[in-house]
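Here's the structure we're looking at; comments come further down.
The values are calculated or read from the model by the stated rules, or taken from the named source; none is laboratory data. None of the values given here were measured: they were computed from a predicted structure. Cβ atoms come from the backbone with ideal geometry, glycine included; neighbour counts cover every protein chain shown. The protein model used for the area step is the full one, side chains on, heavy atoms only, and it has no ligands, DNA or RNA in it. Shrake-Rupley method; radii C 1.70, N 1.55, O 1.52, S 1.80 Å.
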Amino acid sequence: MDFTEAKKLDEADILAKFKSYFHNNENEIYLDGNSLGKPPKKSLELLKEIAENQWAEKLIEGWNEHWLNIPKRIKSKLGILLNADPSEIHVGDSTSVNLYKLAYAFIQTGKYKSINSDSLNFPSDLYILDQIGSSLLGKKLHVLKYATELNAEIELLKSAINKNPGIWCLSLVSYKSACLYDLQDLNRHAEDNNSLIIWDLSHATGVIDIDFKKSKTRAAVGCTYKFLNGGPGSPAFLYVDKSILPELKNPIAGWFGHANPFRFSDQYEAATDAGKFASGTPSILSMAGIEPAIDIIIEAGIKNIRNKSKRQIAFLIELTEKYLGPLGVKVEIPDKEENRGSHVSISHPEAYRICLAMKQADADKVKVIPDFRPPHYIRLGVSPLYTTFTELHWAILRISDIIQNQAYLRFENTYQNVP
Ligand SMILES: *Cc1c(COP(=O)(O)O)cnc(C)c1O
């Protein structure tokens, strides 16, 4: 196999050194960057330190000595990454819970009479928005449907916003096709039409250069365990522009969102910053790993990361078309580079079994870890801090080999049963 071109690209890569900041399993090409990023070595050390030295030795003192500052520092660093003030960010809960709190708070202001999303959004978002629509507005969520699962039709979306002004929730990068929206353009359109977009940044944060101030983003939620590499179930974040924060109330007004939780007052008085969206005690053990991960992203530079991602996605598409196109594989990603996030979905009727075969070690003992999404998509995630061009080339040749030799036939087609 000739990897000359891929190797050349790796040698010229200005982000190459960052791979060694992460724990990398030997003989494994990890292309599932979307669902769970790799652990930074520093996060692993920190978690051990917190468990063994802080929790075990300090017990309750750990809160004042160490833990209360963790969410504060993460807010500041997310603020640097996204160009927001730390006071506009809450870190905690899951993305789903944060979306619930935020959408509920906006509808409760009485300013917005409808709740809307589109067919590329993530199922959890749709469930939550629909529930809020039913309970607060007495009407169902309106979901704008596009002709395909591939692309958002922007003109259609804009006219739907005109026709149905209200709260809109969109995923900045769609989880299936990696369709990337124009944040600034849509925010402006929404604002001009008495609407507000809550952005779900789960598949974007850490790999797309996002500037909340420049794009006039008013509200967003996002997870931290995908391209932010925060660890399994690491808490999510919520962002609200400070000009509208005073209008919003957290529907789960718990003590950690109080202006002064340790006064233990019987009267609830909300914090004035986005910290009001906290409800209970922060999940320190699952939150701590986020900080070293954001440090790496800031050190590498989000623009450099985005640049490398674009080049790797283009490389992956080129190889897929060359080697897998003739074998019946289709690339399911928007045409234009500026409309693409950092994963490539490819489709094949045997996608599920091909994924199973990829995860088995090959003759060179190498495993390739992709993502499967029903009904027939293989997602290949590119995480520029640790994905190499050579790995991408290897993965595509591996898929080609599996299809040509029908190696997937050894597996049972049982995806309906997969949790
Ligand atoms: C991964 C993902 C989530 C995850 O939600 P949790 O509540 O944190 O599990 C939400 N939205 C989108 C778009 C995602 O990709």
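Give the residue that is nearest to the ligand (Cβ to nearest atom), with candidates limited to residues of the stretch 113-125 that are open to solvent by 30 Å² or more (accessible area, probe 1.4 Å) and out of contact with any Asp or Glu (no Cβ under 9 Å at 6 or more places or on another chain). Result: Pro123.
Out of all the residues in the stretch 405-415, is one or more surrounded by 15 or more Cβ atoms within 10 Å (Cβ to Cβ), hydrophobic (A, V, I, L, M, F, W, C), in contact (Cβ under 8 Å) with a residue 12 or more places away in the chain and farther than 25 Å from Thr205 by Cα?
From the stretch 405-415, those surrounded by 15 or more Cβ atoms within 10 Å (Cβ to Cβ) are 407-408, 411, 415; that's our starting set.
Now drop any that are not hydrophobic (A, V, I, L, M, F, W, C), which leaves 407, 411.
From what's left, in contact (Cβ under 8 Å) with a residue 12 or more places away in the chain: 407, 411.
Imposing the further condition that a residue be farther than 25 Å from Thr205 by Cα reduces the set to 407, 411.
For the stretch 405-415, residues surrounded by 15 or more Cβ atoms within 10 Å (Cβ to Cβ), hydrophobic (A, V, I, L, M, F, W, C), in contact (Cβ under 8 Å) with a residue 12 or more places away in the chain and farther than 25 Å from Thr205 by Cα: present.
Within the stretch 279-311, the set of residues being open to solvent by 40 Å² or more (accessible area, probe 1.4 Å), more than 18 Å from Leu9 (Cβ to Cβ) and of a type in the set (D, E, K, R) comprises Asp295, Glu299, Lys303.
For the stretch 91-111: of the residues being among the hydroxyl-bearing types (Ser, Thr, Tyr) and within 11 Å of the ligand (Cβ to nearest atom), which is nearest to Ile252 (Cα to Cα)? Give the derivation first.
Of all residues in the stretch 91-111, those among the hydroxyl-bearing types (Ser, Thr, Tyr) come to 94-96, 100, 104, 109.
Right, trim to within 11 Å of the ligand (Cβ to nearest atom) and you get 94-96, 100.
Values: Ser94: 14, Thr95: 15, Ser96: 14, Tyr100: 10 Å.
That would be Tyr100.
Just one residue in the set Asn229, Asn250 is within 16 Å of the ligand (Cβ to nearest atom), touching a residue at least 60 places away in the same chain (Cβ under 8 Å) and either in contact with a Gly (Cβ under 9 Å, 6 or more places away or on another chain) or among the aliphatic types (A, V, I, L, M) (or both); that residue is Asn229. Look at (1) open to solvent by 60 Å² or more (accessible area, probe 1.4 Å); (2) under 19 Å from Leu385 (Cα atoms) and you find that Ser35 fails only one, number (1). Of the strands (runs of 3 or more DSSP E) contained entirely in the stretch 126-236, those carrying at least 3 residues that are open to solvent by 10 Å² or more (accessible area, probe 1.4 Å) and more than 30 Å from Leu44 (Cβ to Cβ) fall at 142-144. Entry remark, the stretch 379-418: residues being closer than 22 Å to Ser177 by Cα and part of a loop (DSSP other than H, G, I, E, B) number 8 in total. Here Gln406 passes the criteria (1) at negative phi; (2) more than 25 Å from the chain's Cα centre (by Cα) except the one numbered (1). Just to be sure before I move on: is Asp200 among the acidic types (Asp, Glu) and within 14 Å of the ligand (Cβ to nearest atom) in the structure I sent? When the stated conditions are applied, Asp200 passes them.
For the stretch 17-32, filtering for residues that are at pLDDT 95 or above, over 30 Å from Asn69 (Cα atoms) and open to solvent by less than 50 Å² (accessible area, probe 1.4 Å) leaves 4.
All of (1) without any contact (Cβ under 8 Å) to a residue 60 or more places away in the chain; (2) open to solvent by less than 50 Å² (accessible area, probe 1.4 Å) hold for Ala259 with one exception: (2).
When Leu9, Leu31 are checked against the criterion of being within 22 Å of Asp362 (Cβ to Cβ) and within 27 Å of the chain's Cα centre (by Cα), a single residue qualifies: Leu31.
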